[in-house]
Amino acid sequence: MSQPRILVFDSGIGGLSIAACIRQALPGVRLMYLADSARFPYGAQTEAVVIERSKALIAEALSAFPCDVVVVACNTASTVVLPELRSMTDTPVIGVVPAIKPAASLSRNRRIGLLATPATIKRPYLTDLVESFASDCSIERIGHPELVRWVEGQLAGEQLPEQALSRALQPFRDAGVDTVVLGCTHYPLIKPLLQKLLPEVIHWVDSGEAIARRVEWLLEQAGAEGSALKRPLPGRPMEGALFTGALPEGVDGFLASLNLSADQCLGHWPAKGGVRSAESA
């Protein structure tokens, strides 16, 4: 296997935090990013819509860009679509879940904060994770309804409302948590600000590094050489960034800030139009 290709899928830009971890750990893989921005956020959609959109878009992407691993870098989609995705393709599919298990192993005072979306907070699978891996911990949950939109707004240069975010995080201060789980892939993108607002938190836990390790293991099982996966490829870090909605304003600069500059960015994908190469940006 030479130069394996990874597809990272999300409803918005949150999955770029996962793509960045994969790129850092495995600079010898090619990356494709697909965002269903026309239906962002998935937490506001019905399960039927999330399943239908995810399956159709990933199938279209695999047809156009054959990949060796698919990463569903969206907590909402991962809770409902993984079985159907795995039944429709032989390509290995990885999902993300809130990192409750590693957080429980790190917390000293057994008080853990979970920052997620309202949809994730309500999922039964989250209760199962807590009961399985953190039953001796007190879990303070914050499901903020606007935070993912605030993060998305950074693409267009909007300032994240720091004071409003600080007020939203107050339950973590009141509970005295020493560990916070970033239960949405958008949130690692603002980790420095979160650390500034909650300096008393010792451990910040997300799924990015674990996903990168899982991708590496799957590729090695398929015959990839570990040394080749660590050897940087020439050119830009990503082959392409695909958006089902309009091409977001400021996307090229945002990708560059994450060391994920793409050969091309496509808006209104997979329909024709809205195509722009990075070189012409």
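Just so you know, all these numbers are worked out from the coordinates, no wet-lab data involved. Every value quoted in this text rests on a predicted model; they were computed, and no experiment measured them. Because the Cβ atoms are built from the backbone with ideal geometry, glycine has one as well, and the counts that use them run over all protein chains shown.
Side notes on the structure shown:
- Ranking of Tyr187, Tyr42, Tyr125 by count of other Cβ atoms within 10 Å, fewest first: Tyr125, Tyr187, Tyr42
- (i) 5, 19, 16, 14, 12, 10, 8, 6, 4, 3, 2, 0; (ii) 6, 25, 33, 24, 10, 2, 0; (iii) 6, 30, 36, 22, 5, 0, with the label sought being that of the calculated P(r) over Cα pairs in 10 Å bins from 0, in percent: (iii)
- The DSSP beta bridges internal to the chain are antiparallel in roughly 10% of cases.
- Ascending count of other beta-carbon atoms within 10 Å, so fewest first, for Met88, Met238, Met32: Met88, Met32, Met238
- Dipole in debye (nearest 20) - segment 100-206, about Cα centre, beta carbon charges: Lys, Arg +1; Asp, Glu -1: 100 debye
- Cross-link partners of Lys122 among lysines (Cα-Cα below 28 Å; sequence separation of 8 or more within a chain): Lys55, Lys101, Lys191, Lys196
- Check: the chain dipole with +1 on Lys, Arg Cβ and -1 on Asp, Glu Cβ, in debye: 240 debye
- Exposure proxy order (Cβ contacts within 10 Å, fewest to most) of Cys265, Cys74, Cys137: Cys137, Cys265, Cys74
- Charge dipole of segment 100-206 about the Cα centre (unit charges at C-beta), most positive-ward option of Pro161, Tyr125, Ser105: Ser105
- Comparing Val215, Ala241, Gly183 along the charge dipole axis of segment 178-281, the residue lying farthest to the positive side is Ala241, per the Cβ-charge model.
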